[in-house]
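Report on the structure given below.
The values are calculated or read from the model by the stated rules, or taken from the named source; none is laboratory data. Remember, it's a predicted structure, so these values are computed and weren't measured experimentally. Backbone-built Cβ (ideal geometry, glycine too); neighbour counts: all protein chains shown.
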Amino acid sequence: MFAQGSKKSIQISKNAMGYLFVSPLIIGLGLFMAYPLLDSIRMSFFKIELMNIRLATFIGIKNFVRMFTSTEPSFWGDTMRITVIFVGACVALQVGIGLGLALLLNFKWLKGRIIFRNIFLLPWITAGVICGYSWRFVYNSSTGVLNYLLSLVGIAPQAWLSNPNLVMLSIIIANIWKGTTYSVLIQTAGLQSIPDEIYEAAYTDGASPWQSLIHITLPLLAPFLFINLLTETGDTFNAFDRIYAMTRGGPLHSTEILSIYTYRQAFVHGDLGIGAAAGLFQIIIGLILAIIYLKAFRLRAY
Amino acid sequence: MYYPKVRTSIKLLVYGVLIIWSIYCILPLYWVFTSAFKPVAETRSFPPTLIPKHPTLLNFVKVATGSFGLQPFINSIIISLGCAFVAIVISALAGYGFSRFRFRGRRPLLLSLLIVNFIPLLAILIPIYRTFVLYGLYDTYLALIIMDGIRIAPFCTWLMLGFYESIPYTLEEAAMLDGCSRLRALWHVVFPLVSPGIAAVAIFAYLEGWNDFTLAVILTSSERIRPYTVQLFKLIGERSFVQWNELSAASFMAVVPVLIAFGIFQKHFVSGLTRGAIKE
């Protein structure tokens, strides 16, 4: 009885100490993540102007009404449509190309694997704003290298960033430049988790390379692909610096994805209330993605 | 994949695809980097020159002494070091806590750390901006250090957790039985063993601070605090005519140290990334 009691007290003190170690993290996240998250709900029901930041007037759901019924750009018809196109195209390309490149890099006979991988990492470690700036440089209509390369094959120069019909394609190309590497890394980790013996067994049973790709690699890679899909969706959905540095949402709001819309409302127009409402909309989408991610994520080891 | 004989044509095709993607990865940076060494007239000429005809270091002198200045780089170094410090302290402690104690709410807490990556930074920054203005944190190094550090801390905690889990508990237990306090055991026995993890956290957090633009563009206003990312952005925005060569030199100065550091630590970097991103 005595022994049991002392064992229990050790258990409790161990628990209390655990809280001590994680407390800086939890307090930090509480103050600088959770609190602003709740504060943005509150702020979205107030009129708060950047110029007069102390003053907050309760206006009910007016911010949301104004946001959802705005024209030029219209929230659903322009901003959200653009966001969905941008996120959809980028995620599909980043995960798809990432899978392809990871498969190629995984060939046993490949030489220079580390060199290729390090080259692929370049865009990923480059600051978003420098990424945006570099691509502006490439896309420059009068001195840019892209128009020069196209002129070599006889294609007329294009205004890549000022033609509203082209600019979406341009920012997608620039965004997958930065975003694909992460997919390559995740899916390489996935491929490396598949033991060679399975392929050897399939080979001795007469499976073609194509068959083992379809029936072995892809099913075993599926969890990695799914997690990759979700993280890329979250990341692309919140993309801001690289796109803003390239186009500032223009021309004529044609690249104004939701995050740029939020920034413009809050810090260019100076209406923090509408900014918070738009931000809340972003948060809700982010949390939905996060919940799906958590459902998919298995805490086996921990 | 296990296939002993691969046709040469297929091999060539694979190398071809990988080389094309490599060119795509290098091209925009190559153009910026070579422009950093070109005189003004050459950056405005068409067709663009592949290799600088008259290489010059004048652009770097202009960056250092002109309107860009060296202050933004100093600011970025301060912010990034601060961010690395915050992230190391928080994640080294929290990772240890999650690894060695089975307290109530441990699993939900660990899982909720994964949510943080999905929270849109801009949305958080609107209330943060207001709070920081009201409490005098706006336009300070501390504001950026705290926010950068906290933002990366959950990822770093997962990273550290993986490293702690690879170290047997018996080592500290032995030290504690010999009369070491837990903190002494942590400092003298455990930390040296997880130093690769701490190095990885330091690199990730430094890079996070170094590359950040979103936080800095919203939370700073003066040139005294502003990091190079915002300075670059302001100079592109404020001038109708962009000085590509000067901005290229500034970009070169911003990216090259990162590339070198990355080259040295790339092993930790890649294993750290996939380790934290996928935990089975």
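Could you tell me whether B:ALA143 is closer than 30 Å to A:SER44 by Cβ and either crowded, with 19+ Cβ neighbours inside 10 Å or of a type in the set (Asp, Glu) (or both)?
yes
Looking only at the range B:60-70, count every residue that is surrounded by fewer than 19 Cβ atoms within 10 Å (Cβ to Cβ) and in contact with a helix residue (DSSP H, G or I) (Cβ under 8 Å, 6 or more places away or on another chain) and tell me the total.
Final tally of qualifying residues: 6.
Restricting attention to the range A:241-297, and to residues there that are among the basic types (Lys, Arg), assigned to a helix (DSSP H, G or I) and under 21 Å from B:LYS234 (Cβ atoms), which single residue is farthest from the other protein chains (Cβ to nearest Cβ)? Give the steps one after another, and end with the answer.
Of the range A:241-297, the ones among the basic types (Lys, Arg) are A:242, A:248, A:264, A:295.
Then keep just the ones that are assigned to a helix (DSSP H, G or I); that gives A:242, A:264, A:295.
Filter again for under 21 Å from B:LYS234 (Cβ atoms), leaving A:242, A:264.
On the way: A:ARG242: 9, A:ARG264: 10 Å.
The selected residue is A:ARG264.
Please find, among B:LEU142, B:LEU57, the residue that is touching a helix residue (DSSP H, G or I) at 6+ places or on another chain (Cβ under 9 Å), more than 7 Å from chain A (Cβ to nearest Cβ), within 30 Å of B:ALA41 (Cβ to Cβ) and not hydroxyl-bearing (Ser, Thr, Tyr).
Every option except B:LEU57 fails the conditions.
Considering (1) over 19 Å from the mean Cα position of the chain (by Cα); (2) surrounded by 15 or more Cβ atoms within 10 Å (Cβ to Cβ); (3) of a type in the set (Gly, Ala, Ser), say which one A:GLY132 fails and leave the rest.
(1)
Taking the criterion of being under 30 Å from B:PRO108 (Cβ atoms) and at pLDDT below 90, would at least one residue in the range A:245-258 satisfy it?
no
Which one is farthest from A:GLY100 (Cα to Cα) among residues in the range A:162-180 that are more than 14 Å from every other protein chain (Cβ to nearest Cβ) and in a helix (DSSP H, G or I)?
A:VAL167
Mind listing just one residue for me: the one in the range B:60-80 that is outside any helix (DSSP H, G or I) and more than 14 Å from chain A (Cβ to nearest Cβ) and, of those, farthest from B:LEU215 (Cα to Cα)?
Residue satisfying both the conditions and the ranking: B:GLY66.
Mind checking which residues of the range A:38-79 are at positive phi and without any contact (Cβ under 8 Å) to a residue 24 or more places away in the chain? Give the steps one after another, and end with the answer.
Step one: filter the range A:38-79 for residues at positive phi, giving A:60, A:72.
The answer is A:GLY60, and nothing else.
Within the range A:83-92, is there a residue that is more than 7 Å from every other protein chain (Cβ to nearest Cβ) and among the hydroxyl-bearing types (Ser, Thr, Tyr)?
Of the range A:83-92, the ones more than 7 Å from every other protein chain (Cβ to nearest Cβ) are A:83-92.
Next, from what is left, pick out any that are among the hydroxyl-bearing types (Ser, Thr, Tyr): A:83.
So far as the range A:83-92 goes, yes, one or more of its residues are more than 7 Å from every other protein chain (Cβ to nearest Cβ) and among the hydroxyl-bearing types (Ser, Thr, Tyr).
Output yes when any residue across the range B:35-48 is polar (S, T, N, Q), out of contact with any Cys (no Cβ under 6 Å at 6 or more places or on another chain) and either exposed (fewer than 14 other Cβ atoms within 10 Å of the Cβ) or farther than 23 Å from A:ASN147 by Cβ (or both), and no when none is.
Yes; the residues of the range B:35-48 include at least one that is polar (S, T, N, Q), out of contact with any Cys (no Cβ under 6 Å at 6 or more places or on another chain) and either exposed (fewer than 14 other Cβ atoms within 10 Å of the Cβ) or farther than 23 Å from A:ASN147 by Cβ (or both).
If the requirement is being of a type in the set (D, E, K, R), over 15 Å from the mean Cα position of the chain (by Cα) and at pLDDT 80 or above, which of these qualifies: B:ARG224, B:ARG239?
B:ARG224
Determine whether B:TRP21 is at pLDDT below 95, part of a helix (DSSP H, G or I) and within 11 Å of another protein chain (Cβ to nearest Cβ).
no
Could you check, for the range B:98-107, whether at least one of its residues is of a type in the set (S, T, N, Q), without any contact (Cβ under 8 Å) to a residue 24 or more places away in the chain and at the interface with chain A (Cβ under 10 Å from one of its Cβ atoms)? Lay out the reasoning, then the answer.
First, pick out the residues of the range B:98-107 that are of a type in the set (S, T, N, Q): B:99.
From the residues that got through so far, the ones that are without any contact (Cβ under 8 Å) to a residue 24 or more places away in the chain too are none.
Within the range B:98-107 (the criterion being of a type in the set (S, T, N, Q), without any contact (Cβ under 8 Å) to a residue 24 or more places away in the chain and at the interface with chain A (Cβ under 10 Å from one of its Cβ atoms)), the answer is no, since none of the residues qualifies.
I'd like the full set of residues that are farther than 30 Å from B:ILE236 by Cβ, in contact (Cβ under 8 Å) with a residue 24 or more places away in the chain, within 9 Å of another protein chain (Cβ to nearest Cβ) and of a type outside the set (S, T, N, Q), limited to the range A:205-240.
If the condition is that a residue be farther than 30 Å from B:ILE236 by Cβ, in contact (Cβ under 8 Å) with a residue 24 or more places away in the chain, within 9 Å of another protein chain (Cβ to nearest Cβ) and of a type outside the set (S, T, N, Q), then A:LEU213, A:PRO223, A:PHE224, A:ILE227, A:LEU230 are the ones that fit.
Would you be able to say whether some residue in the range A:150-161 is touching a residue at least 60 places away in the same chain (Cβ under 8 Å), more than 8 Å from chain B (Cβ to nearest Cβ) and either surrounded by 16 or more Cβ atoms within 10 Å (Cβ to Cβ) or in a helix (DSSP H, G or I) (or both)? Reasoning before the result, please.
Here is the first cut: in the range A:150-161, the residues touching a residue at least 60 places away in the same chain (Cβ under 8 Å) are A:161.
Adding the requirement that they be more than 8 Å from chain B (Cβ to nearest Cβ) leaves A:161.
Right, trim to either surrounded by 16 or more Cβ atoms within 10 Å (Cβ to Cβ) or in a helix (DSSP H, G or I) (or both) and you get A:161.
Within the range A:150-161, one or more residues are touching a residue at least 60 places away in the same chain (Cβ under 8 Å), more than 8 Å from chain B (Cβ to nearest Cβ) and either surrounded by 16 or more Cβ atoms within 10 Å (Cβ to Cβ) or in a helix (DSSP H, G or I) (or both).
Identify, from the list B:LEU137, B:LEU207, B:LEU232, the residue that is buried (at least 16 other Cβ atoms within 10 Å of the Cβ), of a type in the set (A, V, I, L, M), part of a loop (DSSP other than H, G, I, E, B) and on the phi < 0 side of the Ramachandran plot.
B:LEU137
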